[in-house]
Every structure is written in structure tokens, then in C-alpha cells.
Amino acid sequence: MSSYLELTARQRIPAVFDPGSFEEFLPPSARVASPHLAQLDSPVSFDDGVVVGRARLGGHTVFGAAQEGGFMGGAVGEVHGAKLVGMLRRAIDERAHAVLLLLESGGVRLHEANAGLIAVSEVMRAMLDVRAAGIPVIAVVGGANGCFGGMGIAARCANTVIMSEEGRLAMSGPEVIETASGVEEFDSRDRALVWRTTGGKHRYLLGDCQMLVADEAQAFRDAALAAIAAIRDPRLTLDELLAEQAMLTRRLDSTAGLQEPMDIWKGLGIDDPARVPMLDADAFLQLAAQHRAGVATGER
């Protein structure tokens, strides 16, 4: 099995979508690069760090994108964001079966500042437009750079978030938190703490991601197929928003004063939380299922 984490954006596409089915929009040969980076004498990429296009997944026509973490950490600029928005709007026009976003991003490029921020807001609006059109949106997070900043917010606009333990999802990255609030608040060099706080297992237990898989491209593909098949109505409803708000309120109440993820897991009712980081994906999912079953029956 190939490690999803170690693949580039262009390697992930044939590993996740049906082989040979991907039709790229604005490929590198089109040389659509950010004008802002050139003005700052910064390196450019002829695809601006994101691959977008049409493909097939399980025989169905889907639209997809893959962010390249190797170029500026997958950060979003004006052109990068415009490519994502254009792909999402075209998915609506062509009545796609689903949209699959392979996300790996540190957030917005500081080089492009307001243009990048506007681009991310347009991506989020386009994602919700896709859902409103009855088309499921699936976000995949498993890259080495994680999914932070504006794209971390965008990921939660999807119907389903699929992560590996190695994937990370948050608003602010560890280095950003440390710079703003000091190492006492968050030590970005403590890699175990970083993964406990932002990694897939923590996000799954908190409900921020709906599916957790092993670090295998095939596992992500299988999960995406299962997620799309399970969605009956992809539209965002008021009831869903109210339920999400209630969940966040409960989370704030139950985790007040807790900073170590293991303490949060213990508060959730996880027995022996110290073993959670050592479990493989299957064993972890079994533990999580047992915990949720206990909550449902009132045993926890």
C-alpha cells in the first residue's frame, strides 16, 4: 500500500480517482501563475500549487482538486483560490456526482495577504453553493503540512472530512500559536503534543472529522466512495447548524480549563487515554466505537 502522506498532489490524483480518468483544468502548460509572487521575486509554480479538474470515482463523474504541500506549504493565493472556485462552480454547471478536495495547506499566503483571504472566503462560499445544489463535498486531510488557517475552516464546510492520524486540522498552526502567545502556551517543537492536539485521532473524537483511515491512498479512496454513498441530502440546513452549535457549546463546557488532549479524552470517557496515540487506525476506531456505544446506552 502506498503512503498517502508521502505522495505529491499529482501522485495522489491517480491513486484516489479512477486511473486515467482525470482531466486537468489549467495545467502547468497554461502557465497561469501568481503575478504577486513574481513582483516580490518569489518562486512561482505554473499550476500555482493546486491541481483541479474532472475525473471519475467508482465510475461516477466527480470534480476534484489536490493542493501541493511542496509549493509554499499549499498556501492559498489569488490564482490558487480562483482555480478552486472555478472548479467548484463548474461542478454545479455540469451536475457532478460529487466533489473531492485533497487538502494540504498552511492557510493563506502572507505574500498575497488580502487577496488570499478573499480567495479563501470565495472557496468557502462556492463549497456551500455546491452543497446547496445537491452535490456532496468531501474533504480529505492526510498531507504532511496538514490543513490550517482558512483552508482548515473550508474543510469544515464539507459534508464529510476524512483524515488519517498523520493528517492535522486546525485554525492556527503550532508555530503561529507559539509566536503569538509564547512557548508556554504551545510548544511547536513538541511533535507528540502537536499531533495529539491537531491530529486525526483527536479531531475524530471531538467530531471534527467523520472518518479516520490508515495512511494509505487506497484507504482514502475507499472512504471517499463510502462517504459519498452515505450522504442522502448534502444541503446545509438550519437544523444541522443548530446541532453543530449545540455540539460546540457542549464541547466548551466539558473541556473548560483542559489543555492536554489526554485530559480531554479522559473527560470524554476514554479509558486509559495514554494508549490512544499508540493504537493503529483499526484499533483506535474500535475503541472509539465502544466509547460511543457506551455513551448511547448511558453507560458513560
Selected residue (only one of R221, R251 is at pLDDT below 90, among the charged types (D, E, K, R) and either surrounded by 13 or more Cβ atoms within 10 Å (Cβ to Cβ) or within 23 Å of the chain's Cα centre (by Cα) (or both)): R251
The listed residue being closer than 22 Å to V137 by Cβ and out of contact with any Gly (no Cβ under 9 Å at 6 or more places or on another chain), out of L88, L40, L57: L88
Members of the range 117-134 found to be buried (at least 24 other Cβ atoms within 10 Å of the Cβ) and over 18 Å from the mean Cα position of the chain (by Cα), listed by number: none
Whichever residue in the range 99-143 is outside any helix (DSSP H, G or I) and among the charged types (D, E, K, R) and, among such residues, is modelled with the highest pLDDT: E104
Some residue of the range 252-275 being outside the structural domain of L205 (by TED's automatic domain parsing), more than 25 Å from C157 (Cβ to Cβ) and β-branched (V, I, T): yes
Some residue of the range 75-95 being in contact with a Phe, Trp or Tyr (Cβ under 6 Å, 6 or more places away or on another chain) and either over 16 Å from V50 (Cα atoms) or modelled with pLDDT of 95 or more (or both): yes
Of all residues making up the range 1-33, the number that are surrounded by 13 or more Cβ atoms within 10 Å (Cβ to Cβ), in contact with a Lys or Arg (Cβ under 8 Å, 6 or more places away or on another chain) and in the same structural domain as A139 (by TED's automatic domain parsing): 9
Single residue of the range 254-275 satisfying the filter (among the hydrophobic types (A, V, I, L, M, F, W, C) and outside any loop (DSSP other than H, G, I, E, B)) that is farthest from the chain's Cα centre (by Cα): A274
Candidates A55, A96, A82, A65 - the one that is touching a residue at least 24 places away in the same chain (Cβ under 8 Å) and either in a loop (DSSP other than H, G, I, E, B) or among the acidic types (D, E) (or both): A96
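The values are calculated or read from the model by the stated rules, or taken from the named source; none is laboratory data. For clarity, every value in this text was computed on a predicted model and none was experimentally measured. Note that each Cβ is placed from the backbone with ideal geometry, even for glycine, and that neighbours are counted across all protein chains shown.
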